[in-house]
Amino acid sequence: MSVRETATRGMSATGIASAYEMVVGLEVHVQLLTRTKAFCLCATDFGAPPNTNVCPVCLGLPGALPVLSDHVVDLALRAATALDCRIHERSVFARKNYFYPDLPKGYQISQYDRPLATQGRLTVENTAGYPESTVRITRVHIEEDAGKSIHDRFAAASAIDLNRAGVPLIEIVTEPDIRSAAAAGAYLRALKQLLEYLEVSDVNMEEGSLRVDANVSARLPGATTLGTKTELKNLNSFSAVERALEAEFARQCDLLARGQRVVQQTMLWDGGSSSVRPARSKEESHDYRYFPDPDLPPLVVASDRVERVRRHLPELPAARRTRYREAFGLSAYDADVLTASKSLGDYFEDCARLHRDPKTVANWVMGEVRAALNVAKRKIEDFPLRPADLAELLDLVAHETVSGTAAKRIFGLMLETNRGATEIAEREGLLQVRDDSALRDWIDQVIAEHEHEAARCANGERKLLGVLVGFVMKKSKGSADPRRVSQLLAERLGV
Ligand SMILES: [Zn+2]
């Protein structure tokens with residue numbers, strides 16, 4: 001035991017953890033956005049009745065031969081290129097042998113010592129308060145998914161659904177470059193965002209399109225060798241990843257501080273009790289007995305194909321954030337929020353092209369639109385107001401045809417009734433009233449109803465002017481022009 005380790009004895013749990021450094025590497029399995037499986041023409045649709053999307057190839061029946069889908073290669077290349085990887089001209093499919101009921105062939109087709117791509121990186125920008133960092137990508141390879149076992153505790157039986165067997169995945173593995181649970185979360189969010197922009201996956205975690213395993217170890221700061229790692233599984237959200245890393249790191253630190261050893265094993269996260277527990281002991285990769293799949297020729301990717309993929313990469317999140325700051329004059333924060341998903345950014349841009357003031361569009365999209373989406377639990381793609389509808393409303397405000405207050409009401413009514421902003425403004429009498437005689441009528445009524453406040457205001461309590469303007473606005477159901485009301489009231493009360 002080192003001096004440092006002795007010194008940590010008897011410290012609190014947080015004190016112990018702070019004496020060590022967390023070292024994390026992540027493995028992310030991503031389901032590719034294809035209509036058919038990787039090596040056969042079976043459909044990939046989620047939620048189909050069990051065992052309906054199957055054929056002799058993905059069932060592993062004797063004599064059936066797999067044929068690699070070209071689309072799978074294109075999507076994998078797109079992800080690997082955007083992750084700055086070295087793409088290998090020649091990669092090899094291997095059989096990863098293990099016995100499990102949901103694996104009909106008795107092996108999984110994967111890539112082992114000759115993966116599609118290696119040596120990439122992902123820069124995690126300075127968002128949400130984390131410093132910018134670069135995480136090195138060890139490898140990106142193509143593989144197929146296994147089926148799904150469904151365990152029924154009450155019937156004491158298990159059932160198998162093989163619809164998922166053969167669905168195409170890529171696995172993205174990082175170097176152990178991540179130093180905190182928060183940094184792991186930031187990396188995962190950046191990766192998810194990148195994959196969504198690339199349109200290589202629907203990145204839907206609830207449906208298992210994005211699955212994360214985390215390798216974590218602890219070491220003393222300044223140490224150059226890695227400690228013994230454990231692998232965390234059963235992580236079904238990014239917040240579960242962060243919480244599981246904290247829990248497992250604390251467990252390891254506690255062992256090390258007491259002079260005990262960390263055993264290399266797989267740990268399962270239990271979100272209910274916020275704790276980790278050991279699973280089966282960690283199988284070393286050589287136990288899987290990988291060997292090249294004799295049914296599949298090596299995958300050869302010509303350099304001009306890679307070049308074509310590179311040329312056709314869409315605008316990526318970092319470039320879009322910069323463009324929003326420069327072309328629309330938005331703050332870094334606004335640019336982050338609006339680019340969080342590609343579709344939200346598309347919505348903002350379509351609207352900003354129609355309405356002249358991008359900052360106003362940004363405020364409405366980040367405020368009212370996002371709030372309405374949250375309430376309705378909807379995605380922006382399914383939002384009933386199209387960018388042109390919102391632009392029409394914002395034009396009415398810009399031309400002072402309706403007030404800002406009325407605009408919020410009109411927005412709500414647009415969602416309820418599916419009618420246009422101008423039509424609603426006319427129907428509901430929300431067109432801004434700037435006719436002095438109408439405004440003076442309302443002012444007279446308000447002064448009569450709030451004599452006391454009006455008198456105090458006339459006697460110098462100027463802050464009450466705003467209150468009285470508010471009463472007039474209310475009386476006009478938001479249709480009065482508040483600036484003109486304020487002027488007329490001030491004249492009337494002589495302040
Ligand atoms: Zn099939």
Spin-label model distance (nm) - Ala223 vs Ala398, 7 Å beyond Cα toward Cβ: 6.0
Calculated FRET efficiency, Val67 and Val467, Cβ-Cβ r, R0 51 Å, to nearest 0.05? 0.10
For the chain, with equal point scatterers placed on the C-alpha atoms only and solvent neglected, what are the log10 I(q)/I(0) values from the Debye formula at q = 0.05, 0.06, 0.11 1/Å, to two decimals? -0.31, -0.43, -1.01
If you place +1 on the Cβ of every Lys and Arg, -1 on the Cβ of every Asp and Glu, and leave all else neutral, what size is the dipole of the stretch 367-444 about its Cα centre, to the nearest 20 Debye? 500
5 angstrom amide H check on Leu299, placed H, neighbours 5+ away: Ser91, Val92, Phe93
In whole percent, what relative contact order does the stretch 386-490 give with Cα contacts below 8 Å and a gap of six or more residues? 28
To the nearest 10 degrees, the tilt of helix 181-198 (Cα long axis) against the first principal axis of the alpha carbons of the chain is 80
Calculate log10 I(q)/I(0) of the stretch 355-406 for q = 0.18, 0.23 Å⁻¹, where I(q) comes from the Debye formula with a single equal point scatterer on each Cα and nothing for solvent. -0.59, -0.91
Angle, helix 342-354 long axis vs. longest principal axis of the chain, Cα atoms, 0 to 90°, nearest 10? 30
In Å², what does the accessible area per residue of the chain work out to with a 1.4 Å probe? 50
Over the chain, what is the mean sequence separation of C-alpha contacts under 8 Å (at least six apart), divided by residue count, expressed as relative contact order in percent? 14
In whole percent, how big is the carbon plus sulfur part of the accessible area of the chain, probe 1.4 Å, protein atoms only? 51
Full-stretch length increase - Arg323, Glu307 - with 0.36 nm per residue and alpha-carbon distance subtracted: 3.3 nm
Within the under-9-Å Cβ sphere about Tyr290, not counting Tyr290, Lys/Arg +1 and Asp/Glu -1 give a net charge of +2
Compute the helix-to-body angle for 238-257: its Cα long axis versus the longest principal axis of the chain, expressed 0 to 90° and rounded to tens. 50
Work out the FRET efficiency for Phe154 and Arg434 from their Cβ-Cβ distance, taking R0 = 60 Å, and round it to the nearest 0.05. 0.30
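The values are calculated or read from the model by the stated rules, or taken from the named source; none is laboratory data. Worth saying up front: this structure is predicted, and the values here are computed from it rather than measured. Ideal geometry is used to build each Cβ from the backbone, glycine not excepted, and the neighbour counts take in all protein chains shown. With ligands, DNA and RNA removed, areas are computed over all heavy atoms of the protein, side chains included. Shrake-Rupley method; radii C 1.70, N 1.55, O 1.52, S 1.80 Å.
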